[in-house]
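Below: the structure, in structure tokens.
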Amino acid sequence: MSRIEEVQNAALQTIAKAKDLAELQAARVQYLGKKGSIQALMAEMRNLPKEEKPAFGQMVNACKQAVSEAIESRQAELQKEALEKGMESEKIDITLPGTQTTLGTTHPLLMIQQELEDLFLGMGYKVAEGPEVEQDYYNFELANIPKDHPARDMQDTFYIDPNTLLRTHTTAMQMRELEKAHGELPIKLICPGKVYRRDDDDATHSHQFMQCEGLVVGEHVTLADLKGTLEFMANRMFGEGRKIRFRPSYFPFTEPSVEVDVSCPFCDGKGCSVCKGSGWIEILGAGMVHPHVLEMNGFDPEKCSGFAFGVGLERVAMLKYGIDDIRNFYTNDQRFLKNFDRFD
Ligand code: DAH
């Protein structure tokens, strides 16, 4: 009987001292396992006189019960400790300031491009694209500017080789589209894109900028159609009530050619510092597609006619948003770009 007590006391002590679940499991094996001390006590029962067996059996069972319960409660304790330790070490300090992620904004030039695309798609135009590295043929020859033509001086060009260049105007895309149409009418498209010129950068010049070309070819297309279209565009881009006016000009690929002014949106045409007192602001070049250009591209100028225009997107954005330096569009200054956050 005293052996039972000894085993029980030793077991309870070992259990109480178990520092973690692994040690507790070892104690369980040591005392309650098949080859454990309590099982060994049970085996000893065989050697006892018959009358002592029941009392001995009861005591061993009580011992087993006590040890099991001690293990259970120590296990609960250790599990709780482990959980608390885990919570402590994995604690998140929600008072720490987080890392702020800033969302990008739509670039003002892209905003203008999208506005123009929406506006013209709504009138049944398609949006065409073309390469920025262009052949002299599309940029100049098909646009009625042969080699050695003085009009080439109007656009100082980055040449890659004598026949390859960075396109100087979106008119190159106009020529590609005319050629691609194989004389089929009607044509109604715009082509926005980047263009390049060997200019020294300053507040109003950039060696790379954006244009959007417009082109309509069909039967009986007139200068009046051009005027109506551009007036509609001016009203949508610069607000209702805008007027436009044509001034005679020269482009090799149009005849007649015009420069187009819009009535100043800042003073409503009365004259202010932006329009330099004139009440008008020049916004684009346009004209009727030159008969020779139609011919070179496989159209019969007796049977069809077309209008075209080319508008500078920086110029439109500068006017619309009151930006006074074109370099702002390209220096990626967050303080500038942030102003165009549509979700702010
Ligand atoms: N390509 C001209 C330029 O870059 C702009 C232009 C003028 C385009 C008249 C046209 C046009 O399509 O008809 O200065």
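The values are calculated or read from the model by the stated rules, or taken from the named source; none is laboratory data. Since we're looking at a predicted model, the values are computed, not measured. FYI the Cβ positions are ideal-geometry reconstructions off the backbone, even for glycines, and counts take in every protein chain you see.
Scanning the range 156-214 for residues that are polar (S, T, N, Q), within 14 Å of the ligand (Cβ to nearest atom) and in a strand (DSSP E or B) gives Q208, Q211. Within the set S278, S305, S249, S273, the sole residue that is surrounded by fewer than 21 Cβ atoms within 10 Å (Cβ to Cβ), of a type in the set (G, A, S) and within 18 Å of L142 (Cβ to Cβ) turns out to be S305.
From the list L12, L21, L32, L41, pick out the single residue that is in contact (Cβ under 8 Å) with a residue 60 or more places away in the chain and surrounded by 13 or more Cβ atoms within 10 Å (Cβ to Cβ).
None of the others qualify; the one that does is L21.
Within the range 173-201, the set of residues being under 29 Å from the mean Cα position of the chain (by Cα) and among the β-branched types (V, I, T) comprises I190, V195. Residues that are hydroxyl-bearing (S, T, Y), under 24 Å from M173 (Cα atoms) and assigned to a loop (DSSP other than H, G, I, E, B) within the range 277-331 comprise just one, Y330. For G228, the requirement of being more than 26 Å from D325 (Cβ to Cβ), of a type outside the set (F, W, Y), surrounded by fewer than 17 Cβ atoms within 10 Å (Cβ to Cβ) and out of contact with any helix residue (DSSP H, G or I) (no Cβ under 7 Å at 6 or more places or on another chain) is met.
Those residues that are among the polar types (S, T, N, Q) and either within 16 Å of the ligand (Cβ to nearest atom) or out of contact with any Phe, Trp or Tyr (no Cβ under 8 Å at 6 or more places or on another chain) (or both), I need them from the range 217-269; list them, please.
Listed by number, the residues that qualify are T222, T229, N235, S249, T254, S257.
Here L166 passes the criteria (1) in contact (Cβ under 8 Å) with a residue 60 or more places away in the chain; (2) under 33 Å from the mean Cα position of the chain (by Cα) except the one numbered (1). Yes or no: L78 in contact with an Asp or Glu (Cβ under 8 Å, 6 or more places away or on another chain) and under 30 Å from G298 (Cα atoms)? No.
Checking the conditions here, which among A76, A128 is modelled with pLDDT of 90 or more and more than 30 Å from L189 (Cα to Cα)? From the options A76, A128, the qualifying one is A76.
Starting from residues that are within 14 Å of the ligand (Cβ to nearest atom) and not in a helix (DSSP H, G or I), keep the ones in the range 126-145 and report whichever is surrounded by the most Cβ atoms within 10 Å (Cβ to Cβ).
F140
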